[in-house]
Amino acid sequence: MLGVLAWQSGQTQRQAGQTNAAQSAQQNLAQQAIPDAPRPQTKLPNLGTIAPGQGTTSTTAGDTVPGDATPGEGAGTPSATPPASHASPPASASVPAESGTQATASGTQVAAKAPVYETPSSEEANAQTITVGVNDVNVPFTVKDSKQQLVAGLTPRDVQVYENGVLQHIMHFTTDAVPLSVALVIDQSMTYDNVIRLNDSLGALQGAFTRSDEVEVFTFNNGPKLVTDFTGAQSARLTQAIEISKGAGREPLLAGALSGPMSQTTVINNQNFDPNTASQRGHSGIQLNPPKEVHALNDAILAAAATLSKKPIERRRVIYVISDGKEYGSTAKTKDVIKYLQTNRIEVDGTLVGDSSLPLVGFLDRIHLPLTMRDNILPAYAIATGGNFDAEFRTGGIEKSFAKIAEEVRTRYTLDYITHEPLIDGKYRTLEVKVLRPNLTVIAKKGYWPSAVQARPRPPAAQ
């Protein structure tokens, strides 16, 4: 019996010891200061005491450092101050923020907390990027040898560019092909024999462009007409638009139709002796008023330029004219259209057809004799805007010229420089591109008018 009582007493003592140990452990855990987990900041600190570049510190006992987390008000970042269970340092023990350390009640030195600057994510950085426009001038140009073949392999060391006679520093130089935004301008005001040759060659026009290009189509006779807005260069829509653009042409005036002995039936010595057969009753002589033909080429180029000016400047804006170059009856003047083209970075290229494509006639149009009227204004547009054209009379030559001109436009050299002239001062600026190699011809625009399009912000670069 005594043994049983002793055993029970031992069990009771062991249980009491385990209970005391558990209670002691709980008391020790309770005594440890465990900081709260960070919580969203609900109360903004007073930012008026923060000095730029110096951070913030506790200056007096009980003051809270702006940006540090206090018990129950976590700021989202670990605090550099001791746990809340420790005593706060006295005011006389604090160290200025410039020293980079802070004294505690125990005399130890801890680093003062520096301001935290959060790094934005890549998406936020792209959304907040602001690109400031600069006076960037873009100059595409082509270099040919004495045989009119394209010259490849030039470097920035081989090229110089002058603005108003002052040498400029080339910031960017490339030979990369660029996508094209092309406005086709097709002439339907020519005589029917020239229009027939043109219609037979238009089937090869679409093959001159790539999938990255976009094309719109205009035709003109007495005035411009939009056949289709911009569409893919290899789309079926463009194929149909080119087919619709085939016109019938005009009847040519035959010899004697307006003057001479064959213009009337009863004429002797340039006198009509029978008034009943006269073209105008009551007049004995030959007085005819021939109808004036309208070739609204200026209006057609201006209409195409107005739509191209809305295209991104990263694309090359091109007006491709297929015409004999004759102009008569347009509302717009040639010099005004050229100014609009130079302001909006639009170049004019084309294929010259009809009588103007013949060697002798074409030569006279190119040199433009003084005090004479231009019969072909296409060379004036090409020279002023840095474009080029190919003169072809036969159908086969017209077909080849499409691919030839399109390839030349796409693979031009391109340079950029920063002009030091005012952004918009309304003054024309001359340009001259020189190649430091002999016997080479440079095809580039002769100048430009400054415009706000140069200061348009570029999209932020891809990360």
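So the values come out like this:
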| item | result |
| --- | --- |
| Gain in span if fully extended, ASP145 to TYR192, counting 0.36 nm per residue against the direct Cα distance | 13.2 nm |
| Extension gain from ASP136 to VAL166, taking 0.36 nm per residue of separation minus the Cα-Cα distance | 9.2 nm |
| R0 of 51 Å, Cβ-Cβ distance ALA152-ARG250: FRET efficiency to nearest 0.05 | 0.75 |
| Distant-in-sequence amide H partners of THR351 (H built 1.01 Å from N, under 5 Å) | VAL321, ILE322, SER323, ASP390 |
| Residue-span extension gain [TYR428 to ASP336] - 0.36 nm each, minus C-alpha spacing | 31.8 nm |
| Rounded Å value of the spacing that divides the Cα centres of the stretch 190-213 and the stretch 405-436 | 30 Å |
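All of the numbers you see were taken from the coordinates with simple rules; none came from a lab. This one's a predicted model, so the numbers in the text were calculated from it and none came from an experiment. Heads up, the Cβs are rebuilt from the backbone with ideal geometry, glycines too, and the neighbour counts pull from every protein chain shown.
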